[in-house]
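Enquirer: First the structure, then my questions, so here it is.
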Amino acid sequence: MSQKIGGIIVIIVLLLGWALFTSTAKETHQETFFLNGEGRVMKTVKKTNEEWKEILTPEQYNVLRKSGTERAFTGKYDNFYEQGLYLCAGCGTPLFSSKAKYDHGTGWPSFTAPLDEKHIDRRPDYSLLMKRTEVRCAVCDSHLGHVFDDGPPPTHKHYCINSVALQFEAEGTGEISPKHREPQKGEKQSSETATFAAGCFWGVEYKFGKLKGVLVTTVGYSGGDVKNPTYRQVCSDSTGHAEAVHVLYDPIRISYEELLNFFFSIHDPTQLNRQGPDVGSQYRSVIFYHTEEQKTTALKVIENLNKSGRFKNPIMTQVIPFSEFYKAEEYHQKYYEKMRKE
Ligand SMILES: [Zn+2]
């Protein structure tokens, strides 16, 4: 009998040890991946407080990581109604659309619904001696605000969100709008290809896709040595591939140099193997040139940018010959558009 009890105790100790081991293993993971019900890969971002402090302003850190609240009527998106998407300021995940924004009169940006329920976590919050429902970003676990039941129809929800927790992205704008001209009479549409990598391909494709003169965009993987890689493989930073966007454009309407200038305006080319919260060589900045002419233009634009002092640090963008491009899984194509329609 005592042997049996001894055996049970050994098993319990082993189980506890295993649980402790797996929970600490999780804590040290930077990013984990899971498939949601629709087969979409969701990414979770985990960082130490020190890492968060590096990428956030003190105001953002106080709200996102310390569940603080900005003063009412002081946030930049309180009285702001441009068309576009509101992304998480911690990890860039699209959270709300301007279509769901309304004025609740309380001094914080208010929304009737999130873009995607799966990007929002709700938790009970008793901090002000009453029950409220806290809203957090499901991807990076940052505090965003609260949700109440006093919103307008059709949802009657009132997502009361701190401006500082959000990052607004206007519809189809980069910092530089390339010159665009309509083709003259008799000029036919032609097409050329350009391939770029500038961090997470969802946003890069979205931005290029809005440019006039850009005909087709496709997201995929390029620059590595694994054939037909999957998103999971590429995200594990073991394939050498970068998340890339293939751009078919009409050179009569938009030049390669204008595409390059746009490319340098939508990401930070001085970051090596990362873009903001996305870390790993799959997020590196690359120009994959298709012709010698593209190569010469790219090197010239980089040289001029380095001389201009526009960036504090030297440009780390790789300029390498295009070889193979593996189209990414269908659910990554036009990802932000898909999210908008849901
Ligand atoms: Zn987030």
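Enquirer: Which of the residues spanning segment 203-222 are out of contact with any Lys or Arg (no Cβ under 8 Å at 6 or more places or on another chain) and either within 20 Å of GLN318 (Cα to Cα) or not assigned by TED's automatic domain parsing to the domain that holds SER265 (or both)?
Expert: GLY203, VAL204, PHE208, TYR221, SER222
Enquirer: Moving to a separate point now. Out of all the residues in segment 124-156, which are among the charged types (D, E, K, R), in a loop (DSSP other than H, G, I, E, B) and either buried (at least 19 other Cβ atoms within 10 Å of the Cβ) or within 16 Å of the ligand (Cβ to nearest atom) (or both)?
Expert: Within segment 124-156, just ASP141 meets the criteria.
Enquirer: Which condition number does SER285 fail, the rest of (1) on the phi > 0 side of the Ramachandran plot; (2) of a type in the set (Gly, Ala, Ser); (3) in contact with a Gly (Cβ under 8 Å, 6 or more places away or on another chain) being met?
Expert: The failed condition is (1).
Enquirer: So, ALA242, is that one outside the structural domain of ALA100 (by TED's automatic domain parsing), under 15 Å from CYS200 (Cα atoms), more than 16 Å from the ligand (Cβ to nearest atom) and not polar (S, T, N, Q) or not?
Expert: In short, yes.
Enquirer: Moving on to the next point. From the list LEU85, LEU115, which residue is within 16 Å of the ligand (Cβ to nearest atom), closer than 30 Å to GLN271 by Cα and touching an Asp or Glu at 6+ places or on another chain (Cβ under 6 Å)?
Expert: None of the other options fit; the residue is LEU85.
Enquirer: Taking the condition of being in a loop (DSSP other than H, G, I, E, B) and either touching a residue at least 60 places away in the same chain (Cβ under 8 Å) or crowded, with 18+ Cβ neighbours inside 10 Å (or both), how many residues in segment 205-254 meet it?
Expert: 15
For every residue, the table says whether it meets (1) surrounded by fewer than 21 Cβ atoms within 10 Å (Cβ to Cβ); (2) not charged (D, E, K, R).
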{"site": "ASP78", "(1), (2)": "yes, no"}
{"site": "TYR81", "(1), (2)": "yes, yes"}
{"site": "LEU85", "(1), (2)": "no, yes"}
{"site": "HIS104", "(1), (2)": "yes, yes"}
{"site": "THR112", "(1), (2)": "yes, yes"}
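Enquirer: Condition first: of a type in the set (A, V, I, L, M), touching a His at 6+ places or on another chain (Cβ under 6 Å) and under 28 Å from SER190 (Cβ atoms). Can you find one or more residues in segment 223-245 that meet it?
Expert: Checked segment 223-245: no residue is of a type in the set (A, V, I, L, M), touching a His at 6+ places or on another chain (Cβ under 6 Å) and under 28 Å from SER190 (Cβ atoms).
Enquirer: Going by the structure shown, is ASP103 over 30 Å from GLU337 (Cβ atoms) and either in contact (Cβ under 8 Å) with a residue 12 or more places away in the chain or not assigned by TED's automatic domain parsing to the domain that holds THR69 (or both)?
Expert: No, not satisfied.
The values are calculated or read from the model by the stated rules, or taken from the named source; none is laboratory data. In this text the structure is predicted, and so the values were computed from the model without any measurement. Backbone-built Cβ (ideal geometry, glycine too); neighbour counts: all protein chains shown.
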